[in-house]
Amino acid sequence: MSADGNVLLWVQDREEVLNQDQGVEWRDGQRPNYSRTNTFLEKERQCNHAEGSLNAIAHNLVRTFEMEASFKTNPQQWLSIVADKFRI
């Protein structure tokens with residue numbers, strides 16, 4: 001959570017991050033479509049984490065990181081990392 005009590009964007013659902021794509025440099029020129037993945041996940045998931053729990057936050061952060069690493073061409077636009085500290 002931020003200091004004002006709002007949930008930080010990068011720990012929200014990946015779709016919320018994708019909806020905030022103004023000016024993002026996407027691989028192939030367009031944002032990815034995760035509709036099939038989302039449908040499969042809802043059908044096959046075995047655990048539903050409580051909203052706001054550490055497990056839910058980690059789940060969302062990993063999904064956001066995967067999306068950014070796979071589809072955002074400019075690491076300075078990634079939300080899931082601190083760009084000047086991250087090394088891979």
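Each reported figure results from applying straightforward, stated rules to the coordinates on display, with no laboratory input. Bear in mind that the values here come from a model prediction, so they are computed numbers and not experimental data. Positions of Cβ are backbone-derived with ideal geometry, glycine not excepted, and every protein chain shown enters the neighbour counts.
Exposure proxy check: Thr64, Thr37 ranked by fewest other beta carbons within 10 Å?
Result, fewest neighbours first: Thr37, Thr64.
What shape does the chain have by the C-alpha gyration tensor, where a ≥ b ≥ c are the square roots of the eigenvalues, rounded means a/c under 1.5, and otherwise prolate means a/b greater than b/c and oblate the rest? List each step's numbers first, then the result.
Values: a/c = 1.79, a/b = 1.17, b/c = 1.53.
Oblate shape, in that a/c is at least 1.5 and b/c is the bigger or equal ratio.
Per DSSP helix of 4 or more residues, -39500 (n - 2.57); summed, then divided by the residues of the chain. What does that give at 222 nm, rounded to the nearest 500?
-12000 deg cm²/dmol
Relative contact order of the chain: what whole-number percent is it, with Cα pairs under 8 angstrom and at least 6 residues apart? Walk me through the numbers before you get to the answer.
Values: 57 pairs, mean separation 34.2, N = 88.
The normalised contact order for the chain reaches 39 percent.
Once amide H atoms are built 1.01 Å from N in the peptide plane, which residues 5 or more positions from Trp78, or in another chain, come under 5 Å H to H?
For Trp78, no residues qualify.
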